Amino acid sequence: MTPDDLSKLVLPSDPRIEPGSGRRIAFAVSRADIESDKYHRTIWVHDDAGAREFTSGPGDANPRWSPDGARLAFLRTEEGGKPQVAVIPTDGGEARVLTDFLYGVEALEWSPDGSRLVVTAVTADEAWEDLDETERGRRPRRITRIPFRADNRGWVDDRRRHLWLVDPTGGEEPRCLTPGEHDEESPAWSPDGKKIAFISDRDPGQGLTPGVDVLEVDVDTGEQTPAVPHGYWAHLSYGPDGRLHLLGQPSVDYPLAFFLQRRESDGSLTELTGHLDRGSVSLAAGQPFIRWQGDSALVGLEDSGRFGVIRVDPDGTVTRLVDEECMVLGLDCDDTRIVCVVSHPTRPGELYAVDAGALARLTELNPTDLEIVETEHFTVSADGQDLDVWVILPTGEERVPLLLNIHGGPASQYGFGFFDEFQIYAAAGYGVVACNPRGSSGRGQDFLRAVTGEGWGTVDMADVDVVVAEAQARHPRLDADRMGIMGGSYGGFLTAWVIAHEDRWRSAVVERALVNWASFAGTSDIGGSFPYLYTKAAYPDAWETWWRLSPLAHAHKVKTPTLIIHSEDDFRCPIEQGEQYLMALLRNGTPAEMVRFPGESHELSRSGKPRHRKERFEAILDWHARHLASRES
């Protein structure tokens, strides 16, 4: 693969089975077009005749069948606009756009009787709603709450995310169901259509106090009541019997695994999957899900590089339905059928059916002429902990530079899914090594929390050293004299930390990194709680600890030539992090450059403008080629 091949990838997501017959499957498809610098997104339908486009785009996503299967609702983004609710007859006809919310719609779900849709819509606060775009950009902002901006969203201090009821016929105006001074998301209907559960943050210390709340709103009266204790919650769904199910924990001791919980009639919670010590939410997979097959819940399960599927019966019995080396990126089911989007290391996502525990591929969306390199997986032990490792070698027998990749999070994982980055680096002649050191997800809660306190840069760095040594022992082609290291976000942190403590790396790329805990605590959209959750150092006595644990405090020791990549609208790890690091390296006389991407967020490498994604790859390949192409220092 080359950076230009990004335009060849076809990425399906969000499969939904037609109610009743189950004959058709709607799903979203996205393609990056480097030439036009845009994404083309449409809704496809698969049936006995195969898969085909059902809508024209250019920005269609989130398909949702009406309960009777006669209509399909989805989010449509017109050129230059925001996502709005559209409905199209499923037997043919044109889509009709029903809403015109100023900042668009982020989620939608049909009511059980099909008479209404609940949507999460974003509207301007009263003081801003009558201003034109020019005046909104000019007016000074009086900040009274945090976060006042959010990564990949932009400003949030001047707007609210509320639940609205939308008439799918367009006959009535949308009605706000949750007005007020809070934001809401993730709506889920009760089976009788009388209540909607949702996630919000109602803590007086919002932005400073970790965790979120789950509430229920009475659809007729608008009365809101707390549903479960404050905690970390990611997805909600009512079972057929009306009991609320949630992914998460009633705890704010982050990082944590997101277990399936059931709220009982007395309000207590029964933890249904905690005994597995594996979570059902993965930063490396798609959106979390709870689907129902009869009275059993189907949820994802993150386990040692996999993201599979389990069935959880009401008595707590767990059956693994998809447990092979793959990543399930989305799933739906009815009483007789399960379909999912699945990615494998050598195959981008395709639509599959689950048949007797095996996967049967339904689509062939991606080209077959892409030159994909096989991936090797092995485990290695460090301090009694098994670590998952992947090595991708270019074809041939010659020695190649070793390029170590470190993922972000750190509560995420590399896994058994297709990753364009690894394929592009391997095609450029690098032996790619990737691993899940302690602090990663997928190997239990103790493993996940091994880097809390003063753990960043300790056990994880030790694990990386063990992995590199084992990869070299298994693959003599990996040249120990030509080693590069790179990572983004937390991976950028660990890259910057490692090169300050080891002088064996010939090239480094520090991308969208956290390098200074102290300034991150005041500028990041999660700075109010994230530094405490990991370092356990609390304001106002944290400054000395935060500085000591920052790569910036050790940057004077760095000799490795380092490329810094950062997005100018990154509000997760704001660009001041990269700017500070560049200045420190230049003061050292360390070879260093910075590439800044305008208008991009923390998500540049995943969902940035297609041209920027290509240019990012080109900058990385150019930097490593300069410093790793020759064995000479």
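The values are calculated or read from the model by the stated rules, or taken from the named source; none is laboratory data. Since the structure is predicted, the reported quantities are computational estimates derived from the model, not experimental observations. Here the Cβ positions follow ideal geometry from the backbone for every residue, glycine too, while neighbour counts run over all protein chains shown.
Selection of strands (runs of 3 or more DSSP E) fully inside the stretch 228-304 by the criterion of at least 1 residues being crowded, with 18+ Cβ neighbours inside 10 Å and at positive phi returns 244-249. Considering (1) surrounded by fewer than 23 Cβ atoms within 10 Å (Cβ to Cβ); (2) within 23 Å of Ile499 (Cα to Cα), the lone condition that Thr395 does not fulfil carries the number (2).
Scanning the stretch 325-363 for residues that are without any contact (Cβ under 8 Å) to a residue 60 or more places away in the chain and either touching a Phe, Trp or Tyr at 6+ places or on another chain (Cβ under 8 Å) or aromatic (Phe, Trp, Tyr) (or both) returns Val328, Val342, Tyr352, Leu359, Ala360, Arg361. Within the stretch 290-305, being touching an Asp or Glu at 6+ places or on another chain (Cβ under 8 Å) and within 20 Å of Asp334 (Cβ to Cβ) holds for Arg291, Gln293, Gly294, Asp295, Ser296. When the stretch 301-331 is filtered for residues that are among the acidic types (Asp, Glu) and closer than 12 Å to Ser282 by Cβ, the ones remaining, listed by number, are Glu302, Asp303.
A quick yes/no check of all residues on (1) basic (Lys, Arg); (2) in contact with a Ser or Thr (Cβ under 8 Å, 6 or more places away or on another chain); (3) in the same structural domain as Gly330 (by TED's automatic domain parsing); (4) modelled with pLDDT of 95 or more:
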position	(1), (2), (3), (4)
Tyr232	no, yes, no, yes
Gly239	no, no, no, yes
Gly248	no, no, no, yes
Leu260	no, yes, no, yes
Leu276	no, no, no, yes
Gln293	no, no, yes, yes
Val299	no, yes, yes, yes
Gly305	no, no, yes, yes
Gly308	no, no, yes, yes
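Whenever a residue of the stretch 53-78 is of a type in the set (D, E, K, R), its partners that are part of a loop (DSSP other than H, G, I, E, B) and modelled with pLDDT of 95 or more, lying with C-beta atoms within less than 6 angstrom and at least six residues away or across chains, give the pairs Asp68/Gly114.
Screening the stretch 105-133 for residues that are polar (S, T, N, Q) and not in a strand (DSSP E or B) and picking the one that is nearest to Glu184 (Cα to Cα) gives Ser111.
Residue under question is Ala462, and the condition is that it be touching a residue at least 24 places away in the same chain (Cβ under 8 Å), aliphatic (A, V, I, L, M) and surrounded by fewer than 24 Cβ atoms within 10 Å (Cβ to Cβ); does it hold? So Ala462 fits the description; yes. Residues that are at pLDDT below 95, among the acidic types (Asp, Glu) and not assigned by TED's automatic domain parsing to the domain that holds Ala537 occur at least once in the stretch 177-193. Number of residues in the stretch 5-42 that are among the acidic types (Asp, Glu) and in contact with a helix residue (DSSP H, G or I) (Cβ under 7 Å, 6 or more places away or on another chain) equals 2.
Asp369 meets each of the listed conditions (1) closer than 28 Å to Asp622 by Cα; (2) in contact (Cβ under 8 Å) with a residue 12 or more places away in the chain apart from (2).
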